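What follows is one structure encoded as structure tokens, with my remarks underneath.
The values are calculated or read from the model by the stated rules, or taken from the named source; none is laboratory data. Everything quoted here is computed from the prediction, not taken from an experiment. Counting neighbours? That spans all protein chains shown, and the Cβs are built from the backbone with ideal geometry, glycine included. Protein only, heavy atoms only, side chains kept; ligands, DNA and RNA dropped before computing areas. Shrake-Rupley method; radii C 1.70, N 1.55, O 1.52, S 1.80 Å.
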Amino acid sequence: MNSPANLNPRPFAPRYPQLGTGPVPVSSAVDPAFFELERERIFRGMWVNLILREEDLPKPGDYFVRYLEAQDASILVVRGDDGKLRAFHNVCTHRGNQLAEEGAGHCKGFQCNFHGWTFDTRGRLAFVTDEQRFHNLDKSALGLPAVHLDTWRGFIFVNLAKRPAQTLELAMAEFNQDLKPFPFEQMVLAGRYRYAVNANWKVTMNAFQESYHGAFVHKLSVGQCISPEDPYLAVQRIKLQENGNQSVSVHLAPHDLSPAEKLAFGFGATFTQGGEAAQAFPGTAQAQVRDWGFDLNIIFPYSRINVGAGWYYVDAFWPVAHDKTVYELAYYFPMPQRASEMISQEYSKIVLRDLSREDLATNEATHRSLRSGAIRQMMLSDQEIAVRHLYHTVAARCGKELAK
Ligand code: FES
Ligand SMILES: [Fe+2]
């Protein structure tokens, strides 16, 4: 077929010759020992996107607790009475009890429910019950163990390494050119989805890294956005960064609108177009991609900030075990000004739900198949170069090298 998408069927591999073009081994997705290696060499030293924004914790005393399975650590993020955001291990320095329950809340300080030691919102040990019976207790040295915290465009990240290998600013530096101008602060959290998947985190994520699967996996939800001239949604723009980050732009063909789309598109921007077509969306690849739909921005190794025409969503493929992943996504829209805008947003929510469920649908069976040993390697097309890049980066970080 002679569409522009097919004029050069393999445009990406020549740009990234270091990734090679051969089959990619799958053992790293099914081997429990490799997962432990990833935990040591990748997860414990990375900046973790908590899917949490600064404005989620606006007041002194606002806090958030999350257990990170891959890092095997419970993390407490709290805004101190001095207005500063800090992160700590959620661990009482007396005998190690967990200090705060998982979730979000507001407090003046944290009291351990084991023996009552109390910490203030800056993490300092404020009060020790029955203190006179302790020996040489230096309270000033017994504050909560600190964890590095930094923010990028309002997103809160933590890093459990003693000394992070690079700053968050540096880790996100290449995104500064493209993604940074996106108007994140003009949108509000509209909802979250969370799914438990019995598959390796890479297998789960791979299903979200290319659009080659669109005509099959998404036949029911967005089949109308795939035209016969470009039946496999040939990606026009992929940017792979040396540190493992990636951007993949997805386009959606103009098409005859279904009744639901007609209604939703008329009321504002939706997940699959609509809204003010002529409007420019800074921080996106809109100007570089024909029939641009949205950009997937992957922050190595497992989270993303995905931006579209007046919306964005942040997600993570939380590794839980070598064969277990939690996929979580939080989506953000402008605060609706009229009831009609809520209709277009509701439409987007449902499309996003259907799309993500479709993407997850193949994961568990794929993982089982790989585990069976029936195949030892994957064949990847030029369209799937982001998948190849992920395996290469993971292998390199773990001290292994993939065959070219
Ligand atoms: S473990 Fe927290 S007060 Fe004892
Ligand atoms: Fe998909």
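With respect to the conditions (1) over 22 Å from PHE317 (Cα atoms); (2) modelled with pLDDT of 95 or more, LEU168 lacks only one, and its number is (1). Across region 41-69, the qualifying residues are those that are within 27 Å of ALA395 (Cβ to Cβ) and in a helix (DSSP H, G or I), and the one among them that is most open to solvent (accessible area, probe 1.4 Å) is ARG41.
Residues in region 111-151 that are among the aromatic types (Phe, Trp, Tyr) and assigned to a loop (DSSP other than H, G, I, E, B): PHE114, TRP117, PHE134. The residue of region 93-105 that is most open to solvent (accessible area, probe 1.4 Å), among those that are more than 16 Å from ligand 1 (Cβ to nearest atom) and in contact (Cβ under 8 Å) with a residue 40 or more places away in the chain, is ALA104. Checked against (1) of a type in the set (Asp, Glu); (2) surrounded by 19 or more Cβ atoms within 10 Å (Cβ to Cβ); (3) more than 16 Å from ligand 2 (Cβ to nearest atom), ASP295 passes all but condition (3). Scanning region 231-258 for residues that are open to solvent by 20 Å² or more (accessible area, probe 1.4 Å) and over 19 Å from ASN206 (Cα atoms) yields a count of 6. Residues in region 109-129 that are open to solvent by 80 Å² or more (accessible area, probe 1.4 Å) and out of contact with any strand residue (DSSP E or B) (no Cβ under 8 Å at 6 or more places or on another chain) were compared, and the one that is farthest from ligand 1 (Cβ to nearest atom) is ARG124.
Taking the conditions exactly as written (at pLDDT 95 or above, touching a strand residue (DSSP E or B) at 6+ places or on another chain (Cβ under 9 Å) and closer than 20 Å to VAL387 by Cα), does PRO17 satisfy them or not? It is false that PRO17 is at pLDDT 95 or above, touching a strand residue (DSSP E or B) at 6+ places or on another chain (Cβ under 9 Å) and closer than 20 Å to VAL387 by Cα.
Restricting the first member to region 117-140 and to residues that are in contact (Cβ under 8 Å) with a residue 60 or more places away in the chain, and the second to residues that are open to solvent by less than 80 Å² (accessible area, probe 1.4 Å) and among the hydroxyl-bearing types (Ser, Thr, Tyr), the beta-carbon pairs closer than 8 Å and six or more apart or on different chains are THR121/TYR63.
The lone criterion from (1) free of Cβ contacts under 8 Å to residues at least 40 places away in the same chain; (2) not in a loop (DSSP other than H, G, I, E, B) left unmet by ASN297 is number (1).
Filtered by the rule that a residue be part of a helix (DSSP H, G or I), free of Cβ contacts under 8 Å to residues at least 60 places away in the same chain and either open to solvent by 80 Å² or more (accessible area, probe 1.4 Å) or under 24 Å from VAL235 (Cβ atoms) (or both), region 369-404 gives a lone residue, ALA396. The requirement of being part of a loop (DSSP other than H, G, I, E, B), buried (at least 19 other Cβ atoms within 10 Å of the Cβ) and either within 13 Å of ligand 1 (Cβ to nearest atom) or not acidic (Asp, Glu) (or both) is fulfilled somewhere in region 81-92, by at least one residue.
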